[in-house]
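Reading through the structure tokens given below for one structure.
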Amino acid sequence: MDDSDPLATQRSTDPPVAAELSAAGFDDAHEIGRGGFGVVYRCTQAALDRTVAVKVLTVELDEENRERFFREQRAMGRLTGHPNIVNVLQVGATDNGLPYLVMQYHRQDSLDTRIHRDGPLPLGDALRLGVKIAGAVETAHRLGILHRDIKPANILLTDYGEPALTDFGIAHVAGGFETATGTVTGSPAYTAPEVLTGDPPTTASDIYGLGATMFSALTGHAAFERHSGEQIVAQFLRITTQRVDSSKMPA
């Protein structure tokens, strides 16, 4: 979000959802983001007199994945306090059973927004960001936690200019996209080739996602962006068979 107009991307909020969030203690809900798995609202948590971000999952979850969502988000409590990971403050469900998680609110928006607005990061800024997010990923891996969907949109920027990784494990419980080998979670342009061909996500595939994110930060675009009119299967084929064009990297 633009610093001079922090509400510039605000959208109208679905009244039933706003009412459900209010009943859960989160008032004045305004939609500030929408993705494949859910909608993010900026809310006021009156009990603690603070502004928070509440992500409401909009995908249908069966009972197994619902339990997995709550279990994995509880595990995130072990990462509380890391300076480069968005803290999960609370996990719950609305009266209609929609799972939600409450997080720190960062009005500066995401790395993805910054890249689209300002272009590639200067080399020094990109290196500092990469080192900090690598530290966040390493900390999670030491605790047995995979992210599964590292990409610029999941790196938020704090008011102090610090990057903070968010959305750990959400892709794992909220479905994915279909390939010839089955359903794959994550975002295609940032997903490791071996995962696209059917292997389960690992710490190595998280590192691939971080590397793909750094490529985007340095060049202003993903290494394997989906071409206009290109079928998603063709994009998978390019990712799994072609080398990254190093000439696109800054000297």
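The values are calculated or read from the model by the stated rules, or taken from the named source; none is laboratory data. Everything quoted here is computed from the prediction, not taken from an experiment. Please note: Cβ atoms are built from the backbone with ideal geometry, for glycine as well, and neighbour counts cover all protein chains shown.
Some notes on this structure:
- Unmet criterion (only one of (1) in contact with an Asp or Glu (Cβ under 6 Å, 6 or more places away or on another chain); (2) at pLDDT 95 or above) for Gly186: (2)
- Residue match in region 35-49 (condition: at pLDDT 85 or above, part of a strand (DSSP E or B), under 18 Å from the mean Cα position of the chain (by Cα) and among the basic types (Lys, Arg)): yes
- When Val59 is tested against (1) closer than 21 Å to Leu156 by Cα; (2) under 16 Å from the mean Cα position of the chain (by Cα), only condition (1) is not met.
- Evaluation of Val91 against (1) within 23 Å of Val137 (Cα to Cα); (2) touching a Pro at 6+ places or on another chain (Cβ under 8 Å); (3) part of a helix (DSSP H, G or I) (one fails), failing number: (3)
- Unmet criterion (only one of (1) surrounded by fewer than 18 Cβ atoms within 10 Å (Cβ to Cβ); (2) touching a His at 6+ places or on another chain (Cβ under 8 Å); (3) part of a strand (DSSP E or B)) for Ala53: (1)
- Per-region count, region 45-97, residues in contact (Cβ under 8 Å) with a residue 60 or more places away in the chain and touching an Asp or Glu at 6+ places or on another chain (Cβ under 7 Å): 5
- Residues within region 25-50 that are out of contact with any helix residue (DSSP H, G or I) (no Cβ under 8 Å at 6 or more places or on another chain) and either crowded, with 18+ Cβ neighbours inside 10 Å or of a type in the set (Val, Ile, Thr) (or both), tallied: 8
- Of all residues in region 116-144 being among the small types (Gly, Ala, Ser) and not in a helix (DSSP H, G or I), the one that is surrounded by the most Cβ atoms within 10 Å (Cβ to Cβ): Gly119
- Residue selected from region 69-94 under the condition within 15 Å of the chain's Cα centre (by Cα) and among the β-branched types (Val, Ile, Thr), by the criterion modelled with the highest pLDDT: Ile85
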